[in-house]
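Participant: Quick one: structure below, then a few questions.
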């Protein structure tokens, strides 16, 4: 069960600004989904390993070489930037 | 004007690709389905002309293909049906787009979808809902609803979608076309804008099993840029044999449970009997963890989504609102750019992964995923394919479920276990309920696309459901 206060904190963790109206609207709906998730409590999971991935792949490496064809040039990389300066992405100040 | 690849090839030979592409563009322009977010008219026509003039060859030479709007297309707007990516023009092509271009295909436009592929109805798109070609008051399914509606409505002969928990198979079922989700790793996800990486695959749509196999032949294959891509031989069309003698079919009763519409159940059971008449045998299989798949799926998908969608910060691309500092800007961009369902999933995923809840939700779901996967491994010791309904009911009405997340999530009950296990599955038309198409789901072992294609092809060759077309379009 999440409270409206919890939701404000989760919104902050997710960098998602929530208005009071959002919080009022989302809280019951999110709780109904969380209730549904508790179905999993019935399952006997003793000794069961988690599956992060369905294929038996591990340590997929490539040669440590630069492939210029797989890189974007600076103009391409910046082509969608809403704000840029002197060839860089321009971001607001951190603090 | 439903047309197969072979028919289009003849028409291109007799006339031109430019003419065919212009025909489809005209249909899209007049359509009320809202299947496309963006039509790449100029690019498509000039590419078609280039193919005509230079006699460019390839398995799909001059043939138009519609692309779901979460697959990156160089120079063509790609939005994931979200406000946050409005106007985003990818500077590179997804692997599947490179493959399509090499095969001579013409990218005709970007199809509508649920925002960031999160939905079962294509109603959460920022660009408005897509309508079902069989009944304009109903949803086309989702999340690849635009791709399925485009193919069913003759606005494209072929389309690509993506399937995280049923997003190719559900709309294929609701729109009466064929849609396939390959084994995890068969198609490179390079350039597919991620929602839940461990679950999703790109998948082909067509009006027949043959066309779907041909499109899969073009887009499948190893790509080192996707570390989960698998290096295997690609020749799916060779599996198309009208012969299933000796095939063992498993029918898991868990998929015919409460909530399954009677007419859907009847159509799928009749289809199974048809296959039995063709020489297949039926085996009983038990898949006891099926009922837990939905909760496990949503926990995993939302958790992965909360992490994947952290990249949308308004700095490098997409919507930007200005505020005093980084964190406020970041939070406001996302508040303005994402729709309600995307926000709900990010919030739930963040919650499920947050300190103190990780073991209670995420880890628990991953363990249940193991049990689901073992259900499939056990079943496939005794049978070659499993058959179930694709969806528990036919297409529902626009607006019917959109305000109740749980009732919408429950629609995915028969499709999500397949993504948790990573096995391949195809939906083929197998009947009608009051004029609405019903889909049969055929599921195979890891990398045994050949078995499901052969079963689907044999069914199609010996029945007529796939030939029915929506009227009045």
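Bear in mind that the values in this text are calculations on the coordinates, not laboratory data. Because the structure is a prediction, the values reported are computed rather than measured. Cβ atoms come from the backbone with ideal geometry, glycine included; neighbour counts cover every protein chain shown.
Participant: Would you work out the Kirkwood radius for chain A? I mean one over the mean of 1/r across all pairs of different Cα atoms, in Å.
Facilitator: Result for chain A stands at 19.5 Å.
Participant: Now for a separate question. Under the definition of partner shielding as Cβ atoms of other protein chains within 10 Å of a residue Cβ, what is the mean value for peptide A:76-88?
Facilitator: 4
Participant: While we're on this one: Regarding chain B, what are the three Cα extents along the principal axes, ordered largest first, in Å?
Facilitator: 70, 62, 44
Participant: Right, here's the next one. Using only the alpha carbons of the stretch B:16-92, what is the convex hull's orientation-averaged projected area in square nanometres?
Facilitator: Averaging across all directions leaves 5.7 nm² for the Cα convex hull.
Participant: Within a 10 angstrom radius of the beta carbon, how do B:446, A:9 rank from fewest other beta carbons to most?
Facilitator: The fewest-first ordering by Cβ neighbours comes to A:9, B:446.
Participant: Still on this model: Within a 10 angstrom radius of each residue's Cβ in B:360-367, how many Cβ atoms of other chains show up on average? Whole number is fine.
Facilitator: 5
Participant: A follow-up question, please. Per-residue Cβ counts within 10 Å, from other chains only, averaged over A:12-25: what number is that?
Facilitator: Neighbouring Cβ atoms belonging to other protein chains average 5 per residue here.
Participant: I would also like to ask the following. Please compute the alpha carbon radius of gyration of the stretch B:48-171, then divide it by the globular-protein estimate 2.2 N^0.38 Å. Two decimals is fine.
Facilitator: 1.05
Participant: Another question about this same structure. Please determine, in degrees from 0 to 90 and to the nearest 10, the orientation of helix A:20-37 with respect to the longest principal axis defined by the Cα atoms of chain A, where the helix direction is its Cα long axis.
Facilitator: 70 degrees
Participant: Where both residues lie in the stretch B:5-247, what percent of DSSP beta bridges are antiparallel, nearest 5?
Facilitator: Here the antiparallel bridges make up roughly 65 percent for the stretch B:5-247.
Participant: On to the next question. For chain B, calculate the relative contact order in percent as a whole number, restricting contacts to Cα pairs under 8 Å that are 6 or more residues apart.
Facilitator: Once normalised by length, the contact order is 18 percent.
Participant: Considering the Cα trace of the protein assembly as shown, what is its radius of gyration and what is Dmax, both in angstroms?
Facilitator: Using the Cα atoms of the protein assembly as shown, the pair Rg, Dmax is 22.7, 72 Å.
Participant: Give me the mean projected area, in nm² to one decimal, of the convex hull enclosing the Cα positions of the stretch B:5-247.
Facilitator: About 12.9 nm², averaged over all directions.
Participant: Whole Å is fine, so just give me how far the alpha carbon centre of the stretch B:62-88 lies from that of the stretch B:125-189.
Facilitator: Taking the Cα centre of each part, the stretch B:62-88 and the stretch B:125-189 sit 15 Å apart.
Participant: In the stretch B:166-204, which residues have a backbone nitrogen under 17 Å from the label point lying 7 Å from residue A:70's Cα in the Cα-to-Cβ direction?
Facilitator: Zone members listed by number: B:188-192.
Participant: Starting from the Cα-Cα distance between residue A:58 and residue A:90, subtract it from 0.36 nm times their residue separation and give me the gain in nm to one decimal.
Facilitator: Contour length minus Cα-Cα distance gives 7.8 nm.
Participant: In addition: Which whole-number percentage describes the relative contact order of chain A, with Cα contacts under 8 Å and a sequence gap of 6 or more?
Facilitator: That works out to 17 percent.
Participant: Let me ask something else about it. Taking Cα pairs under 8 Å and at least six residues apart, what relative contact order does the stretch B:193-334 come out at, in percent?
Facilitator: 25 percent
Participant: Another question, if that's okay. So, how do all the Cα-to-Cα distances of the stretch B:305-404 break down into 5 Å bins, in percent, from 0 on up?
Facilitator: Result returned by the calculation: 2, 10, 12, 12, 12, 14, 15, 11, 6, 4, 2, 1, 0.
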